[in-house]
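The values are calculated or read from the model by the stated rules, or taken from the named source; none is laboratory data. The model shown is predicted, which means the values in this text are computed figures rather than measured ones. Note: ideal-geometry Cβ built from the backbone for every residue, glycine included; neighbour counts use all protein chains shown. With ligands, DNA and RNA removed, areas are computed over all heavy atoms of the protein, side chains included. Shrake-Rupley method; radii C 1.70, N 1.55, O 1.52, S 1.80 Å.
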Amino acid sequence: MTRPLFISYEGIDGAGKSTHLEATEARLRAAGAIVCRSREPGGTPLAETLREMVLNQPMAPLTEALLVFAARHEHWLQVIQPALAAGQVVLCDRFADASFAYQGGGRGVAWEQLQALEQWTVAGRAPDLTLWFDLDPAEAARRRAAARSADRFEAEDLAFFGRVRAAYARRFEEQPQRFERIDAGQSLDGVAAQLAAALQRRGW
Ligand SMILES: Nc1ncnc2c1ncn2[C@@H]1O[C@H](COP(=O)(O)OP(=O)(O)O)[C@@H](O)[C@H]1O
Ligand SMILES: Cc1cn([C@H]2C[C@H](O)[C@@H](COP(=O)(O)OP(=O)(O)O)O2)c(=O)[nH]c1=O
């Protein structure tokens with residue numbers, strides 16, 4: 001595989017994105033791809049600094065939205081665009097859908113404002129494929145509690161994650177051709193099989 005490809009991983013915290021990123025990376029490398037793996041917020045030194053602020057410091061919802069899109073602009077210019085231009089496959093742990101889900105659904109920032117920021121920062125460019133790990137917030141909270149201590153987002157309640165999940169569903173409905181919805185409530189093997197099938201459906 002030599003054509004450029006941009007894949008994002010999305011879902012509420014604890015849905016299993018990080019667990020399955022590696023398997024997809026191995027599959028694509030085995031198919032001959034040069035893989036650029038990254039994450040948001042982050043992926044450049046400045047964007048990682050912004051990530052620390054967003055994950056740890058209290059701030060207004062709009063400030064949060066401006067910072068995640070500022071980090072995305074840096075990441076887009078310095079990492080994603082050059083990798084795609086070089087014919088690489090970009091695997092990104094979250095992208096703009098996360099801002100619609102968390103800052104839009106979770107915090108209540110207007111959808112139109114987020115759409116304007118998306119145009120400003122990445123010229124509205126969306127991933128070629130978004131793997132949406134969809135999971136019930138209560139199950140996600142159980143998995144997180146067993147795995148790690150919470151940051152500013154992970155400390156939010158079930159109602160917050162219910163709104164985040166609903167906003168992911170809205171993005172899914174707005175751009176269905178770009179998404180593959182993964183039932184993340186299944187076993188590890190079940191989720192892996194869904195991922196493999198999703199990539200195969202698209203010829204990857
Ligand atoms: N399908 C699954 N069934 C049970 N536990 C899972 C499953 N997928 C992931 N986990 C566990 O849930 C926790 C959160 O997974 P993680 O990949 O870190 O989620 P995310 O990156 O989406 O926040 C980890 O401890 C992981 O081992
Ligand atoms: C990219 C992005 C992430 N986030 C949040 C969602 C996550 O709670 C957090 C970091 O994402 P993530 O990397 O999934 O966290 P972890 O390292 O715990 O696996 O940032 C936003 O609120 N807006 C955004 O635009």
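Points to keep in mind about this one:
- Spatial extent of the chain: Rg and Dmax, with the Cα atoms as the point set, Å: 16.1, 44
- Region 45-150, accessible surface, carbon-and-sulfur percent (1.4 angstrom probe): 57
- Extreme residue, positive dipole direction of the chain, given options 194, 60, 98 (C-beta unit charges): 194
- Region 1-147 - share of DSSP beta bridges that are antiparallel (%, nearest 5): 0
- Of 6, 16, 108, farthest towards positive along the dipole that unit charges on Lys, Arg, Asp, Glu beta carbons give the chain: 6
- When you restrict to C-alpha pairs under 8 Å that are six or more residues apart and normalise by the size of region 1-107, the relative contact order lands at 45 percent.
- Test item: Cα-centred dipole of region 1-150, Lys/Arg +1 and Asp/Glu -1 on Cβ, debye: 360
- Count Lys and Arg as plus one, Asp and Glu as minus one, and take only other residues whose Cβ is under 14 Å from that of residue 188; the net charge is then -2.
- Entry note, the chain: the mean residue ellipticity at 222 nm calculated from DSSP H runs of n ≥ 4, each adding -39500 (n - 2.57), is -15500 deg cm²/dmol after division by the residues and rounding to the nearest 500.
- Build a GNM of the chain with springs between Cα atoms under 10 Å apart, and of 128, 151, 189 the one that fluctuates most is 189.
- Dipole moment magnitude, nearest 20 debye, region 161-204 about Cα centre, only Lys, Arg, Asp, Glu C-beta charged: 200
- Computed about its Cα centre, the charge dipole of region 80-198 is approximately 200 debye, with only Lys, Arg, Asp and Glu carrying charge at their Cβ.
- For the pair residue 139 and residue 85, label points projected 7 Å from Cα toward Cβ lie 4.3 nm apart.
- For region 1-45 versus region 78-137, the spacing of their alpha-carbon centroids is 13 Å.
- Residue-normalised accessible area of the chain, expressed per residue, 1.4 Å probe, Å²: 44
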